[in-house]
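Visitor: Here's a structure for you.
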Ligand code: HEM
């Protein structure tokens, strides 16, 4: 804050006149100073110690070194207050000191209280040291300390006035409103203004993108019923209620997480705040929902966690497979030898037992092969290929298994070619795996339909494999995790291999399921003319 010392001089003279402070006070102050001087260092120390007890007071100090320096400044100040001369220079120094406190943000009330500390300390010294002259000394002290205080309080008032004037000028600035609108409009955060009835009054561009509604479609309608998903915790309504019950003169903010239902019925997860500004008039009150759409972030986090899990399991699988493979081969050899040794005439029970053991060993052997398939580092051998062709090929391969299970196969493809850079063999493995699962699911209820469908999105090819089987037992189950299986003889690696291949292509796989409709959706990046096909090395943690 800029201090104009001249503007304080007239006030200083006026205050001196008001309390009748004049040359007759000066001898008493000097006498008091002689008695108090040895105590000034202690008074200054205790002065800052008191400040340490209060958060808002201690907050204005930079560090301990500054406090030490200020103790000396305070000793100088006490000397000056009791010696004068009480001229223009004195007035300017006091006004400057006042302004310093405004500058550091010291709340005004601490200034008033702090002055009381000096007064008490110096009055005590006067009464102890000055006998019957103490009363006059205390009167002189009271006058000059109050003048100091009045000057300091005025610097606070002046600073406040300067701020109001600046703010008013700012408000009148013709571009100001437009800049605010631009800032809110361009902010990469969802901003929705809602009135007390829950009706949308304004929304920015990010809010339009997140909800899928154009501004004019949503403004005037109830936000909750249009865009919020009924949550058991009713977090939005609760937050509105809590904020509504806080005093209107204070601003209120609550952290909020909620799910938005977009115009097309998708769910978007929001994290942010519901906030209401302090209100000084009786006009309409607006609540602002300010937040971020974290849906993609959260989905990415889930994918990363899943990939990490898969990578960790991959390391384990590779090690395990190597350890198991040799003894298994040995066991199988010995079983063959035993079978031969017993011959056809051997004990039927023993032969049967050998068969059982042999089957189990084979099962273990298959498991090891799957393990290695899952864990082995491989290069993606990408080439530009038509997604339609790949779908045709995969479906053709499944025809025998489908007819055996009395399952009909259907193919729905777009007319115009959808091209992508893919490792054909691997993606075929993905499609076959999904189709196989779907045929088994549809067949399990006595024959049904499996549909393979492909379509394109702006940057992705989407391939869906849909069956009308009984649906997944548990939609939340970690079906893409390694070793998770609901099949009696499954290794639990099929879908994790599928997941891995899709993610190594930069794609995504998801599933939706209810009885009679299970849909595995694979999204693969489309062929990008800017990017030549590349070979990507699998991220394997195998040692
Ligand atoms: C009547 C009460 C007070 C008096 C007479 C007083 C006196 C002074 C003086 C003389 C200075 C100038 C130091 C310099 O020139 O370097 C100063 C600065 C300062 N005072 Fe006070 N003070 C008072 C109250 C307080 C209180 C209560 C606090 C905090 C709790 C405080 C915090 C500060 C700080 C942080 C500065 C440094 C400002 C800067 O460096 O810009 N003062 N004060």
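The values are calculated or read from the model by the stated rules, or taken from the named source; none is laboratory data. Nothing here was measured: the structure is a model prediction, and the numbers come from that model. A quick note on method: Cβ atoms are made from the backbone with ideal geometry, for glycine too, and the neighbour counts reach across all protein chains shown.
Visitor: Can you name the number of the only condition in (1) in contact (Cβ under 8 Å) with a residue 24 or more places away in the chain; (2) part of a helix (DSSP H, G or I); (3) away from the ligand (no atom under 15 Å from the Cβ); (4) within 21 Å of residue 21 (Cβ to Cβ) that residue 86 fails?
Guide: (2)
Visitor: Of all residues being over 19 Å from residue 115 (Cβ atoms) and in contact with a helix residue (DSSP H, G or I) (Cβ under 8 Å, 6 or more places away or on another chain) in the range 8-23, which is surrounded by the fewest Cβ atoms within 10 Å (Cβ to Cβ)? Just the residue, please.
Guide: Applying the filter and picking the extreme gives 20.
Visitor: Taking the range 100-112, which residues are in a helix (DSSP H, G or I), touching a residue at least 24 places away in the same chain (Cβ under 8 Å) and either under 21 Å from residue 46 (Cβ atoms) or near the ligand (Cβ under 9 Å from one of its atoms) (or both)? Give the derivation first.
Guide: Initially, the range 100-112 is screened for residues in a helix (DSSP H, G or I), giving 100-104, 108-112.
With the extra rule that they be touching a residue at least 24 places away in the same chain (Cβ under 8 Å), the set shrinks to 101-104, 108, 110-112.
101, 103, 104, 110, 111, 112 - these are the residues of the range 100-112 that are in a helix (DSSP H, G or I), touching a residue at least 24 places away in the same chain (Cβ under 8 Å) and either under 21 Å from residue 46 (Cβ atoms) or near the ligand (Cβ under 9 Å from one of its atoms) (or both).
Visitor: Let me ask something else about it. Go through 186, 218, 177, 202 for me and flag whichever is more than 26 Å from residue 238 (Cα to Cα) and either touching a helix residue (DSSP H, G or I) at 6+ places or on another chain (Cβ under 8 Å) or at pLDDT 90 or above (or both).
Guide: Within the list 186, 218, 177, 202, the selection yields 186.
Visitor: Can you tell me which of 316, 300, 310, 320 is modelled with pLDDT under 85, exposed (fewer than 13 other Cβ atoms within 10 Å of the Cβ) and part of a helix (DSSP H, G or I)?
Guide: Working: 316 fails: exposed (fewer than 13 other Cβ atoms within 10 Å of the Cβ); 310 fails: exposed (fewer than 13 other Cβ atoms within 10 Å of the Cβ); 320 fails: exposed (fewer than 13 other Cβ atoms within 10 Å of the Cβ).
Criteria check complete, one pass: 300.
Visitor: Could you please find all residues in the range 60-70 being near the ligand (Cβ under 9 Å from one of its atoms) and assigned to a helix (DSSP H, G or I)?
Guide: Matches in the range 60-70: 66, 67, 69, 70.
Visitor: Hey, another quick one. Which one is nearest to the ligand (Cβ to nearest atom) among residues in the range 49-59 that are assigned to a helix (DSSP H, G or I) and without any contact (Cβ under 8 Å) to a residue 24 or more places away in the chain?
Guide: 58
Visitor: Looking at the range 127-139, is at least one residue within 16 Å of the ligand (Cβ to nearest atom), in a helix (DSSP H, G or I), farther than 21 Å from residue 7 by Cα and at pLDDT 90 or above?
Guide: If we filter the range 127-139 for residues that are within 16 Å of the ligand (Cβ to nearest atom), which is where we start, we get none.
No, because not a single residue in the range 127-139 is within 16 Å of the ligand (Cβ to nearest atom), in a helix (DSSP H, G or I), farther than 21 Å from residue 7 by Cα and at pLDDT 90 or above.
Visitor: Continuing with the same structure: Out of all the residues in the range 71-83, which are near the ligand (Cβ under 9 Å from one of its atoms), in contact (Cβ under 8 Å) with a residue 24 or more places away in the chain and surrounded by 16 or more Cβ atoms within 10 Å (Cβ to Cβ)?
Guide: Listed by number, the residues that qualify are 74, 78, 81.
Visitor: In the range 173-206, what residues are assigned to a helix (DSSP H, G or I), within 27 Å of residue 242 (Cα to Cα) and free of Cβ contacts under 8 Å to residues at least 60 places away in the same chain?
Guide: 184
Visitor: In the range 323-368, what residues are surrounded by fewer than 13 Cβ atoms within 10 Å (Cβ to Cβ) and touching a helix residue (DSSP H, G or I) at 6+ places or on another chain (Cβ under 6 Å)?
Guide: Scanning the range 323-368 gives no hits.
Visitor: Which condition does residue 220 not pass, out of (1) at positive phi; (2) out of contact with any strand residue (DSSP E or B) (no Cβ under 7 Å at 6 or more places or on another chain), if it passes all the others?
Guide: Among (1) at positive phi; (2) out of contact with any strand residue (DSSP E or B) (no Cβ under 7 Å at 6 or more places or on another chain), residue 220 violates only (2).
Visitor: Would you call residue 170 assigned to a helix (DSSP H, G or I), in contact with a helix residue (DSSP H, G or I) (Cβ under 7 Å, 6 or more places away or on another chain) and free of Cβ contacts under 8 Å to residues at least 60 places away in the same chain?
Guide: Spelling it out, residue 170 is indeed assigned to a helix (DSSP H, G or I), in contact with a helix residue (DSSP H, G or I) (Cβ under 7 Å, 6 or more places away or on another chain) and free of Cβ contacts under 8 Å to residues at least 60 places away in the same chain.
Visitor: Another question, if that's okay. Would you be able to say whether some residue in the range 246-253 is in a strand (DSSP E or B), modelled with pLDDT of 80 or more and in contact with a strand residue (DSSP E or B) (Cβ under 8 Å, 6 or more places away or on another chain)?
Guide: yes
Visitor: If the requirement is being over 23 Å from residue 86 (Cβ atoms) and either part of a helix (DSSP H, G or I) or more than 11 Å from the ligand (Cβ to nearest atom) (or both), which of these qualifies: 38, 27? Talk me through it step by step, then tell me what you get.
Guide: Values: 27 fails: over 23 Å from residue 86 (Cβ atoms).
Only one candidate passes the filter, namely 38.
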